[in-house]
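First comes the structure, then the notes that go with it.
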Amino acid sequence: MNENNLDWDDFRLFLAVACEGGLAAASEKTGKSAPTLGRRMLALERRLGRELFNRLPRGYVLTEQGQQLFTKALSIEEGIYPIVSDAQSNSIRFAVYATDPSVKTWARVIGSTPSAQWVQNNIQAEQFIEVTNPRNALDLAVQGAVRAVLPTFVGQACNGPQRISDEIPELEHMQWLVTHHEDRHSPEVRQVINLMYPILQSIGCD
């Protein structure tokens, strides 16, 4: 079985057991009982058709195949952490990002989004680069060409830009994740929903 078909809860519990080196410590970290964790790890191994742990008297030690899965699972966790961190506040926040505070040219997005309007109404700079969508502003900020107003979870996830301002309170807002009624049944969209649901549920999003 391909590990891409596993849900996040499988990865989360696997990472806990691997990081803690045993069921007892992982139980404290996850809130699952040691017997439950033991059964979940056995079930995971059966679904994948791989032995992930050497079960030793001193604890659980990753096999070579377990180490490969651990690397992939850790990469997934690191990728979603900035999103989850911001999702815990149930709102999207914004700040100004640039590779260095000495960058004075601003990205000005041509549009009616709140962040675009905020730049147009509040920034009286002499140097602007006008772009047609926020993605262009992000790309220019990563290259060090401009300073740009970005969602904080985007800025934190990018290599290069750093936050050079306080958060902008008037841009903070709720963000809703929706799918089209017909598209939600497509395999690709359904796979994303199945992966994201336990993540959002684990941080208290209903």
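Restricting the first member to segment 182-196 and to residues that are farther than 14 Å from D9 by Cα, and the second to residues that are outside any helix (DSSP H, G or I), the beta-carbon pairs closer than 8 Å and six or more apart or on different chains are V189/T179. Considering only residues that are of a type in the set (A, V, I, L, M) and either under 13 Å from L171 (Cα atoms) or in contact with a His (Cβ under 6 Å, 6 or more places away or on another chain) (or both), which ones fall in segment 95-130? Listed by number, the residues that qualify are A95, V96, A116, V119. All conditions in (1) modelled with pLDDT under 90; (2) surrounded by fewer than 18 Cβ atoms within 10 Å (Cβ to Cβ) hold for T30, with the sole exception of (2). Number of residues in segment 116-149 that are polar (S, T, N, Q) and touching a Leu at 6+ places or on another chain (Cβ under 6 Å) equals 0.
How about segment 121-144: which of its residues are more than 24 Å from the chain's Cα centre (by Cα) and exposed (fewer than 14 other Cβ atoms within 10 Å of the Cβ)? Even if it seems obvious, please write down each step before you answer.
Restricting attention to segment 121-144, the residues satisfying the condition of being more than 24 Å from the chain's Cα centre (by Cα) are 121-132.
Matches in segment 121-144: N121, N122, I123, Q124, A125, E126, Q127, E130, T132.
Of the residues contained in segment 112-119, one or more are found to be at pLDDT below 95, in a loop (DSSP other than H, G, I, E, B), assigned by TED's automatic domain parsing to the domain that holds Q162 and of a type outside the set (A, V, I, L, M). Would you confirm whether any residue within segment 35-45 is closer than 30 Å to P161 by Cα, of a type in the set (D, E, K, R) and at pLDDT below 95? Within segment 35-45 (the criterion being closer than 30 Å to P161 by Cα, of a type in the set (D, E, K, R) and at pLDDT below 95), the answer is no, since none of the residues qualifies. Among the residues that make up segment 49-64, is at least one of them in a helix (DSSP H, G or I) and surrounded by 14 or more Cβ atoms within 10 Å (Cβ to Cβ)? Taking every residue of segment 49-64 in turn, none turns out to be in a helix (DSSP H, G or I) and surrounded by 14 or more Cβ atoms within 10 Å (Cβ to Cβ).
Being hydrophobic (A, V, I, L, M, F, W, C) and part of a loop (DSSP other than H, G, I, E, B) is the filter here; which residues of segment 131-177 pass it?
So the first thing to find is which residues in segment 131-177 are hydrophobic (A, V, I, L, M, F, W, C), and the list is 131, 137-138, 140-142, 145-146, 148-150, 153-154, 157-158, 164, 168, 171, 174, 176-177.
Once the filter is applied, which keeps residues that are hydrophobic (A, V, I, L, M, F, W, C) and part of a loop (DSSP other than H, G, I, E, B), segment 131-177 yields A145, V146, C158, I164, I168, M174, W176, L177.
Summed over segment 91-117, residues that are surrounded by 13 or more Cβ atoms within 10 Å (Cβ to Cβ) and either more than 26 Å from the chain's Cα centre (by Cα) or among the acidic types (D, E) (or both) total 6.
The values are calculated or read from the model by the stated rules, or taken from the named source; none is laboratory data. Worth saying up front: this structure is predicted, and the values here are computed from it rather than measured. Cβ sites come from the backbone with ideal geometry, for glycine too, and all protein chains shown count toward neighbours.
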